[in-house]
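Beneath this line is the structure, given in structure tokens, with notes to follow.
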């Protein structure tokens, strides 16, 4: 029997700034590469870690997405993969902002055998 899986993420490549937002409003930024984007999540590769539960702003040009770090995983060869859950009201769509290099899977359904 075939099953369907709807991918909620899209592969991309775009240089972005990720700013950790402190409780007092101060920010600390790092440059990273936006690797994946979805309506409610993003994955950014950076040279510096950002701990889970930190609020962040992802900026690319004049576009800003707001979110919370869900995890930060170190890859010895590449750097830190920062998993970000976008906050309500900061949902992403390709009509609002499309990274320069985007492979959009939002309409693609994968079929596989159970």
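The values are calculated or read from the model by the stated rules, or taken from the named source; none is laboratory data. Keep in mind the model is a prediction, meaning the values are calculated, not measured. Quick reminder, even Gly has a Cβ in these numbers, built from the backbone with ideal geometry, and neighbours come from all protein chains shown.
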Completion exercise
Going through (1) modelled with pLDDT of 95 or more; (2) closer than 20 Å to residue 10 by Cβ one by one, residue 39 fails only at (1)
Problem - Condition check for residue 75: out of contact with any strand residue (DSSP E or B) (no Cβ under 6 Å at 6 or more places or on another chain), modelled with pLDDT of 85 or more and under 17 Å from residue 13 (Cβ atoms) - result: yes
Problem - Positions within the range 16-27 being under 18 Å from residue 61 (Cα atoms) and at pLDDT below 90, in sequence order - result: 27
Practice task
Could you please give the count of residues in the range 78-108 that are assigned to a strand (DSSP E or B), at pLDDT below 85 and under 28 Å from residue 25 (Cβ atoms)?
Solution key: 0
